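Please read the structure below before turning to the comments.
The values are calculated or read from the model by the stated rules, or taken from the named source; none is laboratory data. These figures come from a predicted structure and were not determined experimentally. Because the Cβ atoms are built from the backbone with ideal geometry, glycine has one as well, and the counts that use them run over all protein chains shown. Quick note on the areas: whole protein, heavy atoms, side chains included, nothing else; ligands and nucleic acids left out. Shrake-Rupley method; radii C 1.70, N 1.55, O 1.52, S 1.80 Å.
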Amino acid sequence: MTSNPRVFASHGMESLSVLAGRDLLSPLRERWDCRVWEHARRPVPEEFKALAHPAEGLLCLLTDRVDQDLIQACPRLRAISSFSVGVDHIDLVAATDRGILVGNTPGVLTETTADLAFALLLAAARRVGEASDFLRRGEWAGGHWEIDAFVGKDLHGATLGIIGLGPIGQAVARRAQGFGLRVLGWSRSGREVPGVRGLALPELLAESDFVSVHVALAAETRGLLDARALAQMKPGAVLVNTARGGIVDEVALANALRSGHLGAVGLDVFAQEPAAGDHPLLEFPNAVLTPHIGSASIGTRIRMAELAVDNLVAGLDGHRMPQCANPEVVVKRN
Ligand code: NAP
């Protein structure tokens, strides 16, 4: 039995390490007794708890639930580092009460996630998925070039409403300006962003041809886009969500697509992930759906791994984490 402080990493980052050309977890392995989840499947909660129980440091993914029960089951835990910017899977209050530092990975994924939001916006507006599926099914062969096939919506000259003006919302606004969109924005604190006209949420929904969601998931934003809010959107409008699934009521969204009130959606995130194979939104050809790949570029995923590891090393060393989601926790030097 070693007496070294323990770290539990719920993912070995093997494929990313191959792409990076080095073991991304080596700063942890070199210093601590590092237990790493090495199976292709994800750990079930009981396995996760058993491996996390002796740990002082925890490296986790956004799909790992780090709730009060888990935190209570880890008496030595001092630092949690998540490979994500969102920390809605972590009970931040319970961690903060225990004086446990929580690190996350904002910033390094901002532009990459904004790119995906724009990809979904363009794909939904211009029916790229529907048209691609049509061609792949062989339905174009032997047919014609049709004058009205897959006609969609122009971005230029239209209005985009951005819900949440944090780093990713602002990065989407910059892209939208380049595409000739008029940009409206709403955020809880009324942030002022150059080139973005601030509006109350109901007005933003009523005026926008496209709406893109970029708030964090929190108690106040869960179900923010419910049936009532969706009904406030323009008929035929397009909704894109790359933030978190829980912000949009998926039943209401399916109803809005079924009734034709919404023209299309682009979703990278779902209330339950992975989304079920019979998810109600799969029936709609005008729903462009991706499996939570917002930050999925090689360079960004490597930078996220580096930042998540740096956060954990700093937390365990008793230094300020480079990116900390609960900076109110007093850092205790070793
Ligand atoms: P962020 O700091 O996570 O979110 C910033 C925005 O959320 C701000 O507008 C902020 O409002 C708002 N917000 C936070 N808590 C709120 C609350 N309780 N009530 C109302 N609004 C609240 O910054 P970000 O880096 O731009 O990321 C946005 C979200 O995108 C993340 O939280 C994450 O869930 C998601 N994300 C998804 C992917 C993906 O792969 N699809 C990748 C990266 C991030 P204020 O302006 O008032 O502070």
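Shape of the range 76-147 from its Cα gyration tensor (a ≥ b ≥ c, root eigenvalues): rounded if a/c is under 1.5, otherwise prolate when a/b > b/c, or oblate? Let's see the in-between values first.
Numbers: a/c = 5.25, a/b = 3.83, b/c = 1.37.
The shape class here is prolate.
For the Cα atoms of the chain, what angle does the longest principal axis make with the long axis of helix 110-125, in degrees from 0 to 90, nearest 10?
Roughly 30 degrees, rounded to the nearest 10.
Leaving out ligands, DNA and RNA, what percent of the accessible area of the range 110-289 is carbon and sulfur, probe 1.4 Å? Show your work: numbers first, answer last.
On the way: 4810 of 8830 Å².
Here it works out to 54 percent.
What does the C-alpha gyration tensor say about the overall shape of the range 42-108? Classify as rounded when a/c is under 1.5, otherwise prolate if a/b is larger than b/c, or oblate. It would help to have the intermediate numbers written out before the result.
On the way: a/c = 1.71, a/b = 1.24, b/c = 1.38.
Oblate, since a/c reaches 1.5 and b/c is not below a/b.
What is the ratio of the Cα radius of gyration of the range 110-289 to 2.2 N^0.38 Å, where N is its residue count, to two decimals?
1.02
So what is the 222 nm mean residue ellipticity for the chain from helices alone, if each DSSP H run of at least 4 adds -39500 (n - 2.57) and you divide by all residues, rounding to the nearest 500 deg cm²/dmol? Each step should come with its number before you reach the end.
On the way: 12 runs with 109 residues, N = 334.
Taken over the chain, the calculation gives -9000 deg cm²/dmol.
Distance in nm between label sites at Asp133 and His53, each 7 Å beyond Cα in the beta-carbon direction?
4.7 nm
Can you give me the C-alpha center-to-center distance between the range 237-279 and the range 6-45, rounded to a whole angstrom?
Answer, in whole Å: 33.
With a ≥ b ≥ c taken as the square roots of the eigenvalues of the C-alpha gyration tensor of the range 1-120, please select rounded if a/c is under 1.5 and otherwise prolate if a/b is larger than b/c or oblate if it is not? Walk me through the intermediate numbers first.
Numbers: a/c = 1.82, a/b = 1.27, b/c = 1.44.
Oblate.
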